[in-house]
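Here, each number is a calculation from the coordinates, and none is a lab measurement. These figures come from a predicted structure and were not determined experimentally. As a convention, Cβ positions derive from the backbone with ideal geometry for all residues, glycine included, and neighbour counts pool all protein chains shown.
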Amino acid sequence: MKLADLEIIVTSPPAPGWGGRYWIFVKVTTDTGITGWGECYAASVGPAAMRAVITDVFERHMQGENPENIEKMFRRVYSSGFTQRPDLTVMGAFSGLEIACWDILGKDRNRPVWALLGGKINDRLRAYTYLYPLPHHDHAPFWVSPEMAAESALDAVDRGYTAVKFDPAGPYTMRGGHMPAMRDISRSVAFCRAIREAVGDRADLLFGTHGQFTTAGAIRLGQALEPYSPLWYEEPIPPDNLLEFQKVATAVRIPLATGERMTTKTEFATLLRTGGAEILQPALGRAGGIWEMKKVAAMAEAFNAQIAPHLYAGPIEWAANIHLAASIPNLLMIETIETPFHDGLIKGMIRVENGYVIPPGRPGLGIEIDEDLARAHPFTGTGLHLQMQEDPCDYQNENHFEGGAPAYEQ
């Protein structure tokens, strides 16, 4: 059995666009007629450029290879260009293709992917959700309203979730880390207070940021949140200096979580060696794929750290996350996004049930893709999957931002 053909589908979720502006799916077919699906979570270049990168990686390093030889293909992609260092774009391309290989192998052997990764240790997976507006909420004010966030949190907890994530901490700016505005600190505290009052001890609070702050700014904000005992403080500083995470971890009494913008065992190992994070959040469509993150999970286990796979993408990456999560002993929880479009793309074959996900027992990733639905929503915009704003943090007027949802201007 050899990898033979590749097709790439870029689909755009309907408004309001939970999960990003577009998702890049890869469909890989073997010379024996087996089809595997993967998802590339790569946002550093646009989807037209990513098509070319994915095609080049496949044709140069994978086409004609046995899909079993994942380690060999990884080493080719990681090293052959005289690189041998983490590369978000190239590894993003490989990650989706690698996920498709596991889907193929599971279908060929009539076994779920988790069975090929050492078997299932977790019969059900604790799920968490980002806080999104409820049907009666206005979207614009939702992201700066502790009261609306608390209402959304209570709704999620009543549906079975035992952890909710929110990000009221201010703008994501391309200018690098900044010192948080005092209003943003006050708002962040107000969110924690309101949500804690709404859900009590029924759920953990997951305080999200997106690398907004300088080290000193992250410490200042984190210490203000300590009275509400969040389970984690997510990516408080940019990921381009991993050694700085240790300073935040030492100064703030909230576990640090990070990893959605990281790739390969090399970057995650730096955090583990320095004590910079106790919770790792790989995005499997970017971080090197399932096998590479199985290695990271083993490394983390030795450091008494946990894994919480990240999701701000489509349902194929979610399915990959689920199979990895089912097979590792140091799982904390998995991120989920519940929308009709996510559900429809995989024909409802995996769902959150009372706050948990049951790993599928069907072959491969355990999903079927509605190709007609995916093709019916092509991406026609010019933006990146997620974008940082150009304007700096506003210390005089209130900052406005959109939490986990990009503006729907494409």
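Can you give me the distance in nm between label points at Ala251 and Asp31, each placed 7 Å from the Cα along the Cα-to-Cβ direction?
Taking the two extended label points, one gets 5.9 nm.
Just check the chain against the gyration tensor rule for me: Cα atoms, a ≥ b ≥ c as the square roots of the eigenvalues, rounded for a/c under 1.5, and otherwise prolate or oblate depending on whether a/b exceeds b/c.
On the way: a/c = 1.56, a/b = 1.49, b/c = 1.05.
The shape class here is prolate.
Starting from the Cα of Arg193, step 7 Å toward the Cβ, then list every residue of the range 227-249 with an amide N under 15 Å from that point.
What the label zone holds, given the 15 Å backbone N cut-off, is 227-229.
So what are the three principal axis dimensions of the range 261-337 from its Cα atoms, in whole Å, longest to shortest?
In descending order, the Cα extents are 33, 22, 19 Å.
Using amide H atoms built 1.01 Å from N in the peptide plane, name the residues 5+ places from Thr214, or on other chains, whose amide H lies under 5 Å from its own.
Under 5 Å from the amide H of Thr214: His178, Met179.
May I ask which residue of Gln84, Met148, Leu311 lies farthest towards the positive end of the charge dipole of the chain, with charges of +1 (Lys, Arg) and -1 (Asp, Glu) on Cβ and the Cα centre as origin?
Gln84
Note down the magnitude of the dipole of the chain about its Cα centre, charges +1 on Lys and Arg C-beta and -1 on Asp and Glu C-beta and zero elsewhere, to the nearest 20 debye.
On the way: 36 positive and 49 negative charges, 215 e Å.
Roughly 1040 debye for the chain.
Classify the range 312-410 as rounded, prolate or oblate, taking a ≥ b ≥ c as the square roots of the eigenvalues of its Cα gyration tensor: rounded when a/c is under 1.5, otherwise prolate if a/b is larger than b/c and oblate if not.
oblate
Quick one: length gained pulling Thr274 to Glu368 fully straight, 0.36 nm per residue minus the C-alpha distance?
The Thr274-Glu368 span can extend by a further 29.7 nm.
Quick test of the membrane-span-like rule: which DSSP H helices of the chain reach at least 30 Å along their long axis (C-alpha atoms) with mean Kyte hydropathy at least 0.5?
Length and hydropathy pass: 88-109.
Suppose each label sits 7 Å from its Cα in the direction of the beta carbon; what would the Glu71-Asn241 distance come out to in nanometres?
The answer from the label model is 3.8 nm.
Identify all lysines with a Cα-Cα distance to Lys2 below 17 Å; exclude those on the same chain that are fewer than 8 residues away in sequence.
The reachable lysines, counting only those whose Cα sits under 17 Å from Lys2, are Lys27, Lys72, Lys107.
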